[in-house]
1. Report, in debye and to the nearest 20, how large the dipole of region 42-98 comes out about its Cα centre when Lys and Arg carry +1 and Asp and Glu carry -1 on their Cβ.
2. On C-alpha positions alone, give me the angle between the axis of helix 260-272 and the longest principal axis of the chain, in degrees, nearest 10.
3. Just from its helices, what would the mean residue ellipticity at 222 nm be for the chain, if runs of 4 or more DSSP H residues each count -39500 (n - 2.57) and the sum is divided by every residue, rounded to the nearest 500 deg cm²/dmol?
4. If a paramagnetic tag sat 7 Å from the Cα of Glu399 along the Cα-Cβ line, which residues of region 90-115 would have the backbone N under 13 Å from that point?
5. Assign unit charges at the C-beta atoms only (+1 for Lys and Arg, -1 for Asp and Glu), then state the dipole size of region 297-391 relative to its Cα centre in Debye, rounded to the nearest 20.
6. Each label point is 7 Å from the Cα along the Cα-to-Cβ direction; what then is the distance between the points at Lys323 and Arg2, in nm?
7. Applying the Karplus parametrisation 6.51 cos²θ - 1.76 cosθ + 1.60 with θ = phi - 60° to the phi angles of region 47-56, what ³J(HN,Hα) value in whole Hz is obtained for each residue in order, glycine and proline being reported as x?
8. When all protein chains stay in place, what accessible area (Å², nearest 10, 1.4 Å probe) is found for Glu262?
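The values are calculated or read from the model by the stated rules, or taken from the named source; none is laboratory data. Only a predicted model underlies this, so the values are computations on that prediction, with no experimental measurement involved. Glycine gets a Cβ as well: all are built from the backbone with ideal geometry, and neighbour counts include every protein chain shown. Heads up: the accessible areas ignore ligands, DNA and RNA and are worked out on the full protein's heavy atoms, side chains in. Shrake-Rupley method; radii C 1.70, N 1.55, O 1.52, S 1.80 Å.
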Amino acid sequence: MRQYRIRGGKRLSGELSIGGAKNSVLPILAAACLNESETIIHNCPRISDTLETIKILEGIGFRTEFLENTLKIYPAKDLSHEIPDECVKKMRSSILFMGALLAQTGKVNLALPGGCNLGERAINLHIRGLEAMGAKICEEEKKLFCKIGENGLNGAKIKLDFPSVGATENLLIAAVKAKGETVIENAAREPEISDLALFLKKLGAEIRGAGTGTIIINGTNKNFRKKIAHEIIPDRIVAGTYLVAAAMTTGDIKLTNVRPFELAPFTMYLSEMGCNLRAEENSVTLHAPKRLKAAGRIITKVHPGFLTDMQAQFVAALSIADKRSEITETIFEGRNSHVPELRKMGANIHLTADKQTFEIDGVERLRGANVAAHDLRCGAALVLAALSADGETIVQNSEFVERGYESIEKDLTSLGGDIKLEIV
Ligand code: EPZ
């Protein structure tokens, strides 16, 4: 079993460079299926989700070379439409290969996706949108069998019931090779969508409106065959996690290779909580107060609102704030596995009946304990809590954290934290 052993109480300080975004590289690796020439990805995060996705690419026929943070993807001579089950079950983002392989080969079979247990995580919006473009999709024994009709993929006007990030990405990837115009309304606006669209435009796709609620794609039936290079945008969630780590340890850090305006949905709350933040073009510095102030009410929303992927980290931070705060999770119905674990460390958190609102009465200090990660951001939140707690904490199941953080233990150690990764 893999675990972190953390001794709390160390003040974080220093400078750290932030790597590429998990939630940008994963859809872009799926979109790389459309390229019949070489794709080079720079600033590619060496996280386990990337390695799993590389296994999918190689499983369907691509050859790859991953050196440091540069990933080269060589075209598949004979692209398979069968995605290996074991990869799909581990990672929800494997669903993004549906749109890519339907567009590139006209069919795809894949197991129903797995991934972090954050609630139901339906895929109805993905399926309904692809069917609107002419895909025929059926489910048998927890497997999806998809193919395009005799008229191929056709442009469609699609209005998403919810601005799903994954559904927007899947439909965007498929639409670039659907005949005619596709309009995605109520599309997700996250920065990772814009990065995916930029990648597809480098291939030759015609896309307007990425980053807004309406994306217009003029599809083509020509094949994309162009050697392209793309640099992945910085990971705003990794950056936010480390800012919260400094905030919780009276720290003083500078993060470089970030896009400060993308951090605004949560840095505004860190300022309210007493942190002194300063942004320059590609960097942000945070000077923490002696004690964090409560944040009043935070509600997670789609971009540009307070993002759900920072919710668990803020619950940890507000657990040691000076008064009561409230956070309501509106995106996932099951993103609360961090609450019982934080309670083991002395956090005073009350869950409302619908388990969507956390009422947090800040305590002076948390205490070290033996806790376990149940999903990626739950694990990150427990690491943060452990850094600020008295004594030693063991955070079990570090593999969840390794899905989205290249090496959280190296990063935090470089800032003065006392954290080790152990295999026991
Ligand atoms: C992406 O997940 C991210 N993952 C998540 O990051 C992030 O939390 C989420 O977007 C929201 O921002 C990647 O990009 C790889 P959604 P995704 O589709 O695409 C419901 C992290 O910690 N829904 O926007 O799965 C769904 O059940 C991870 O880095 C449907 O009902 O998110 C959920 O309640 C966690 N039907 C909500 O929408 C659908 O067809 C948001 O899901 C699709 C989604």
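1. Its charge dipole is roughly 100 debye.
2. Helix 260-272 sits at roughly 30 degrees to that axis.
3. For the chain, the value works out to -9500 deg cm²/dmol.
4. Residues 90-91, 115 qualify, since their backbone N sits under 13 Å from the label point.
5. Dipole of region 297-391, to the nearest 20 debye: 80 debye.
6. If labels sit at Lys323 and Arg2, their model points lie 4.2 nm apart.
7. Running phi through 6.51 cos²θ - 1.76 cosθ + 1.60 with θ = phi - 60° gives 10, 5, 5, 5, 5, 5, 5, 4, 4, 5 Hz.
8. Accessible area, nearest 10 Å²: 10 Å².
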